[in-house]
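Encoded as structure tokens, the structure appears first; notes follow it.
The values are calculated or read from the model by the stated rules, or taken from the named source; none is laboratory data. Computed from a predicted model, the values in this text were never measured in an experiment. Please note: Cβ atoms are built from the backbone with ideal geometry, for glycine as well, and neighbour counts cover all protein chains shown.
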Amino acid sequence: MTVKGRVGILHYAAPPVVGGVEITIYHHARLLLQRGYEVHVIGGRGAPFYSGVYFHRVEEVDSRYSDVLAVSRELAGGVVSSRFLGLRARIANRLRAILPALHTTIVHNALTLHKNLPLTAALYRLVQDNAASLIAWCHDFAWKDELYLPEMHPGYPWDLLRTPWPNTPYVVVSEHRRHMLAELLRVSPQTIHVVPPGVDPYEFYKLEPETRRLVEKLGLLDVAPLLLLPARVTRRKNIEMAIRITSALTHHMPRPTLIVTGPPGPHNPTNVAYLNSLRELAHRLGVENNVHFLYEYGEGDQPLHVSDAMMSDFYQLADVLLFPSRREGFGIPVLEAGLARLPIFASDIPPVHESAGGLAFTFDPEGDPAPVARRIAEVLTHDRAYRMRRRVLQQFTWQRIIDERVIPLIEKTRRDSGSRETEKEYSEPEG
């Protein structure tokens, strides 16, 4: 595979150390790797944590490194000693062996936090020398924190934390932090990028590998809403009604998608003909891409068997249980939907009333699908839990954040770094 670019990620500590920044590093590194980038993580603490991601341990980068702690004590008292200058030079020399080969390096916190000022000063020197292209990823601001203000002093190196560095884009995790940093740096908020942290639905839901394959193949995290029909393909399940409801729902919601989990029933040879008629109906209604029979998505020529574990996954992923059966003995899916907190839209038949106890939205299985679709849209539109989940899936998954925010920023920084000339902002002590 062709490497798109070489990206560094630098922080005091890296995974498997546990912390908010380290979680961000983990997801950025693995997803950038999956997108074709060569990823180098540089940390004072940590270890190799993901196959294919390079890890460079530079102990002087660690905010808890003994020499860093000794210098930090001096700096807290306002003293810039030869020990500081020597450590700055040592860190710069170690990073010169890594950073110049990278197209850009994301640096977490070191440009606005004082936990390792020799590192901050070393990075600034590398930027001045055009030896590193950095992205300042800023979580905390020493000059804006009352806890840290007693340790801040006018001049170098503390002013590095409150003055914008040349040719270095700044990133914060929220609009609130954007305005804080803009005030600190005395720049327009619009010059600062907002890239929030995220969540990984696949890891959060602990999806089975086969479920994940289907979710990615069918784009199920992007559909709205996802309708689950857990049934074999038999006529009494009335799947044609579910297809008609899905079609009617396209007039109210962006991309309704119906998942039928079971294969054709094995005991009636006409079920294959029934499946073909369902495909024809979906095509005729223009929703052939909105209706999926999961058994068709097995590997190779084999039908897919949806295991109990996969079924549990789909209950977690779905937005609605759609259960239009003409006949049922009891209706176990109604109980399973209850455990999964799914709204239940089901046939108005006695077994559903017995299992749901009046808590399902019921409809005539032979009736007009349009009112059912309108009711589904109304219920979901007013359901804050549904709306919040859609918000998370549309804006706050690590996958979307990487693709829509991080990679464009990396590529822009990479393009801009080719023609940059840095300017010296400080009269630094030599050493």
Legend entry - Qualifying positions in region 1-24 - part of a strand (DSSP E or B) and over 23 Å from Gly36 (Cα atoms): Tyr12, Ala13
Inset, instruction - Looking only at region 243-277, count how many residues are at pLDDT 95 or above, crowded, with 20+ Cβ neighbours inside 10 Å and not in a strand (DSSP E or B). - result: 9
Inset, instruction - Report yes if Thr234 is hydroxyl-bearing (Ser, Thr, Tyr), over 18 Å from Phe293 (Cβ atoms) and either out of contact with any His (no Cβ under 7 Å at 6 or more places or on another chain) or surrounded by 16 or more Cβ atoms within 10 Å (Cβ to Cβ) (or both), otherwise no. - result: no
Inset, instruction - Report, ordered by the first and then the second residue, all pairs with beta carbons closer than 7 Å, sequence separation of six or more or different chains, a first member in region 124-138 that is at pLDDT 95 or above, and a second member that is surrounded by fewer than 18 Cβ atoms within 10 Å (Cβ to Cβ) and of a type in the set (Gly, Ala, Ser). - result: Ser133/Ser417
Inset, instruction - Exactly one condition in (1) touching a Leu at 6+ places or on another chain (Cβ under 7 Å); (2) at pLDDT below 95 is not met by Ile192; state its number. - result: (2)
Legend entry - Residue satisfying all of: in region 381-413; in contact with a Gly (Cβ under 7 Å, 6 or more places away or on another chain) and of a type in the set (Phe, Trp, Tyr); surrounded by the most Cβ atoms within 10 Å (Cβ to Cβ) among these: Trp398
Inset, instruction - Have a look at His40, His56, His28 and point out the one that is outside any strand (DSSP E or B) and touching a strand residue (DSSP E or B) at 6+ places or on another chain (Cβ under 8 Å). - result: His28
Inset, instruction - Could you list, in sequence order, all residues of region 217-242 that are closer than 21 Å to Asp308 by Cβ and either of a type in the set (S, T, N, Q) or in a loop (DSSP other than H, G, I, E, B) (or both)? - result: Leu220, Pro230, Ala231, Arg232, Thr234
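I need a count of the residues in region 299-337 that are of a type in the set (Lys, Arg) and either assigned to a strand (DSSP E or B) or within 13 Å of Leu228 (Cβ to Cβ) (or both). Working first, answer last.
The first filter runs over region 299-337 and keeps only residues of a type in the set (Lys, Arg), leaving 326-327.
Restricting the remaining residues to those that are either assigned to a strand (DSSP E or B) or within 13 Å of Leu228 (Cβ to Cβ) (or both) gives none.
Final tally of qualifying residues: 0.
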Legend entry - Identity of the residue in region 179-209, part of a helix (DSSP H, G or I) and under 20 Å from the mean Cα position of the chain (by Cα), that ends up surrounded by the most Cβ atoms within 10 Å (Cβ to Cβ): Pro201
Legend entry - Top-ranked residue in region 338-380 [being in contact (Cβ under 8 Å) with a residue 60 or more places away in the chain and in a helix (DSSP H, G or I); ranked as surrounded by the most Cβ atoms within 10 Å (Cβ to Cβ)]: Ile376
Legend entry - Selection count where residues are part of a loop (DSSP other than H, G, I, E, B) and under 29 Å from the mean Cα position of the chain (by Cα), scope region 137-165: 7
Legend entry - Single condition Phe49 does not satisfy, out of (1) crowded, with 23+ Cβ neighbours inside 10 Å; (2) closer than 24 Å to Tyr202 by Cα: (1)
Inset, instruction - Please work out which residue is surrounded by the most Cβ atoms within 10 Å (Cβ to Cβ), limiting yourself to region 95-130 and to residues that are under 24 Å from Val3 (Cβ atoms) and more than 31 Å from the chain's Cα centre (by Cα). - result: Leu126
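How many of the residues making up region 43-53 are assigned to a loop (DSSP other than H, G, I, E, B) and closer than 19 Å to Lys115 by Cα?
Looking only at that region, the number is 1.
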Inset, instruction - Looking at (1) surrounded by fewer than 15 Cβ atoms within 10 Å (Cβ to Cβ); (2) at pLDDT 95 or above, find the lone condition where Ser419 falls short. - result: (2)
Legend entry - Matching option when the condition is modelled with pLDDT under 95 and not basic (Lys, Arg), among Glu146, Glu203, Glu175, Glu183: Glu203
Legend entry - Selection status of Leu214, within 27 Å of the chain's Cα centre (by Cα) and outside any helix (DSSP H, G or I): no
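Against the definition (of a type in the set (Phe, Trp, Tyr), under 25 Å from Pro196 (Cα atoms), touching a His at 6+ places or on another chain (Cβ under 9 Å) and surrounded by 18 or more Cβ atoms within 10 Å (Cβ to Cβ)), how does Trp137 come out, yes or no? It would help to see each step written out before you state the result.
Working: of a type in the set (Phe, Trp, Tyr): yes; under 25 Å from Pro196 (Cα atoms): yes; touching a His at 6+ places or on another chain (Cβ under 9 Å): yes; surrounded by 18 or more Cβ atoms within 10 Å (Cβ to Cβ): yes.
Answer is yes for this residue.
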